[in-house]
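**Student:** Take this structure first; my questions come after.
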Amino acid sequence: MLSGQSEIGLALIVFGGLLFAWGIQIHGMRLWQTWWRGRPCPFGVNAGVLNFDYKEGASVAGITWKRGFSHVFVDIRNESAKTVQDIDVLFIPEHPIIHSSASSEFADCRIGPLMAESQITVIYEGADGNRLAEPIDRSKPGNFLIGPFHRMRCDSLPSGARIRVNLATVVVVTPPVEGRLWARKRSDPKNIRIVINWSENGWDYVAEQEMLLTGNANA
């Protein structure tokens, strides 16, 4: 028969083995992988700046370009062998974002400011003295919302598929000069922080990385 101490030691070994197996199941690792450091990120991320001043009013990646806009691009590719679910990404470049777009052949993605847009209403007074209140349409030229973060959500991304994200960043002028909210001379941001949340097999994961933005005129 086992002594009391031997029974306790055996129980601890069994319990530790169960925890080890549970940890491997959570992180989806093989025995030889460092599962205790967390699940490896399934995404390959590439980012940079397109060193080009577009013509005023030109439509680039769904964004109407203005003087002073910098074009930051981010490519996110699913490099794992499985489809990744519930992708939620924060983009935080050095300079605030004024417009963003996202496109993918194999994913339905939505991108926009992190904070909910406040509804602004303008009151007009006619010559007859009557007042008319109209909400501002941010899609019209001249209406802008500048913010430090933009958020992208995608339901899923198949193995090998890519998402191209385009960000227009600006340098805010404080206080505004002659009604200008941002500098008209382009100044490219030097870095961007990206926080990716995703789901696999019912488990949620997060990865964060700060990347240098090198110029690339042909990306």
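The values are calculated or read from the model by the stated rules, or taken from the named source; none is laboratory data. In this text the structure is predicted, and so the values were computed from the model without any measurement. FYI the Cβ positions are ideal-geometry reconstructions off the backbone, even for glycines, and counts take in every protein chain you see.
**Student:** Which residues, taken from the stretch 57-109, are hydrophobic (A, V, I, L, M, F, W, C) and outside any strand (DSSP E or B)?
**Tutor:** Passing the criteria: A58, A61, W65, F69, A81, F106, A107.
**Student:** Residues that are at pLDDT 90 or above and small (G, A, S): does the stretch 129-145 have at least one?
**Tutor:** No, every residue in the stretch 129-145 fails to be at pLDDT 90 or above and small (G, A, S).
**Student:** Out of all the residues in the stretch 157-186, which are touching a strand residue (DSSP E or B) at 6+ places or on another chain (Cβ under 7 Å) and part of a loop (DSSP other than H, G, I, E, B)?
**Tutor:** Within the stretch 157-186, P158, S159, G160, A161, V170, V171, A183, R186 meet the criteria.
**Student:** Still on this model: Just need a number here: residues in the stretch 108-121 that are at pLDDT 95 or above and surrounded by 15 or more Cβ atoms within 10 Å (Cβ to Cβ).
**Tutor:** The qualifying residues number 2.
**Student:** For the stretch 52-67, how many residues meet the condition of being under 22 Å from the mean Cα position of the chain (by Cα) and surrounded by 15 or more Cβ atoms within 10 Å (Cβ to Cβ)?
**Tutor:** The number of residues fulfilling the criteria is 5.
**Student:** Take the stretch 164-193 and flag every residue that is among the small types (G, A, S) and more than 15 Å from D53 (Cα to Cα).
**Tutor:** Listed by number, the list holds a single entry, G179.
**Student:** Something else about it: Whether any residue in the stretch 82-102 is in contact with a Pro (Cβ under 8 Å, 6 or more places away or on another chain), exposed (fewer than 15 other Cβ atoms within 10 Å of the Cβ) and either at pLDDT below 95 or within 15 Å of I163 (Cα to Cα) (or both) is what I want to check.
**Tutor:** yes
**Student:** Also: For the stretch 172-204, what are the residues that are crowded, with 18+ Cβ neighbours inside 10 Å and in contact with a Lys or Arg (Cβ under 9 Å, 6 or more places away or on another chain)?
**Tutor:** W182, R186
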